[in-house]
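Visitor: One structure follows; several queries about it will come next.
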Amino acid sequence: MSAKKIFIFLIVSLLFSSTYAKVTEIPYTQLPTGQLVVELTIDGIDLPQLFIVETSGGNFLRSDMNYRLSTLGLDTLKKGYKFAHIKMGDRTIEKVKFETKNKLGKRSEYSFPNAVLGTIGSQLFKDLSVQFDFQKKVIRIADTKEELNIPEGTNYIPFSQSFLNHIPIIEIQPWQYMTQRLEVEVSVPLGIVLAWNGPALEVRYRNNTNMQSYKVKLDDVKTITITEQFVKTIDFDHSFSIYNAPITFSDDVKPLLGYQFLNQFLVTFDYDKGKLYLDPQTKEAKALFESEKK
């Protein structure tokens, strides 16, 4: 092979390798209570550690296991840590900060097993695009959403983000109710959740006959009260609407768009542009886009 052909071959190989490496796939394990657990490699810590992904949470280490933090070489007198980098699969993320949080240790063992060291939140993904494939149980990370497999014409809703933690917040307007602001959370096993005291009292009273209340154990330990109702339409920030969809009311959980709704879709967060793409994957999800039943 001539030197020119070798040079061309090397260039093509490098370009192909670069393109192939743009998307990182990270498998996750789902706990019985819904949380998504991934493995991270942290700079300075020899062994990979398990973390729960919470898109409406932050980067936290549990503070109820100081002996474990100490074993990992961390100063337990500190409240915050800054690592040169962490790795998720083959993707390296530079300059990552974590804080310790007392409340993590107060969760039940079902929703926060001892093997899990902490949580990672949306601030880890700022300026990136992250896709949750609930059917294949993988998370994909890319520099831009164009590198991910998002079918043309997929519905999306804009989301805002706080400057500090980049938690995605969307606006919806359920039929007969006022506009609601919801955090998007992949690790809570509920669907579309509104505050019970949020909707106008007279609207809630008119629809009370169509509502059913339940007591459920969100983490197999703590019992919460939820009230469910099907609504004719839900407008997603004037971007698209869904029909005949269930919503949940509760004052025990913050208003959110959770796993029970999201897991029916291929979900892509474009953190750089502030867009949430929802590609329906199940027949139930596709039915949500059909108008009045015939």
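The values are calculated or read from the model by the stated rules, or taken from the named source; none is laboratory data. These numbers were taken from a predicted model, which means no experiment stands behind them. As a convention, Cβ positions derive from the backbone with ideal geometry for all residues, glycine included, and neighbour counts pool all protein chains shown. Keep in mind that these areas ignore ligands, DNA and RNA; they rest on the heavy atoms of the full protein, side chains included. Shrake-Rupley method; radii C 1.70, N 1.55, O 1.52, S 1.80 Å.
Visitor: Round to the nearest 10 and give me the degree value, 0 to 90, for the angle of helix 3-20's Cα axis relative to the longest principal axis of the chain.
Guide: Computed tilt is about 30 degrees.
Visitor: Taking Cα pairs under 8 Å and at least six residues apart, what relative contact order does the chain come out at, in percent? Numbers along the way, then the final one.
Guide: On the way: 614 pairs, mean separation 55.2, N = 294.
Once normalised by length, the contact order is 19 percent.
Visitor: Next up: Give the value in nm², to one decimal: projected area of the alpha carbon convex hull of segment 117-268, averaged over all directions. If you can, show how the numbers build up before the last one.
Guide: Numbers: hull surface 41.7 nm².
Value for segment 117-268: 10.4 nm².
Visitor: What base-10 log of the normalised intensity I(q)/I(0) is obtained for the chain from the Debye formula, alpha carbons as equal point scatterers, at q = 0.10, 0.13 Å⁻¹?
Guide: -0.61, -0.96
Visitor: Around His85, which amide H atoms from residues at least 5 apart in sequence, or from another chain, sit under 5 Å from its own amide H, with H modelled in the peptide plane?
Guide: Result for His85 returns Asp43, Lys95, Val96.
Visitor: With a point put 7 Å past each Cα toward its Cβ, work out how far Glu99 is from Lys137 in nm, to one decimal.
Guide: 3.3
Visitor: How much accessible area per residue does the chain have, in Å², with a 1.4 Å probe? Show your work: numbers first, answer last.
Guide: Details: 15790 Å² over 294 residues.
That works out to 54 Å² per residue.
Visitor: Right, here's the next one. With the full set of protein chains in place, find how many percent of the accessible area of the chain is carbon and sulfur; take the probe as 1.4 Å. Intermediate values should be presented prior to the final figure.
Guide: Numbers: 8390 of 15790 Å².
Here it works out to 53 percent.
Visitor: Roughly how much of Tyr177 is accessible, in Å² to the nearest 10, using a 1.4 Å probe?
Guide: Looks like 10 Å² after rounding.
Visitor: Contour minus end-to-end for Lys232 and Leu50, with contour as 0.36 nm per residue of separation and end-to-end as the Cα-Cα distance? Working shown, then result.
Guide: Working: separation 182, 0.36 × 182 = 65.52 nm, distance 4.09 nm.
Gain on stretching Lys232 to Leu50: 61.4 nm.
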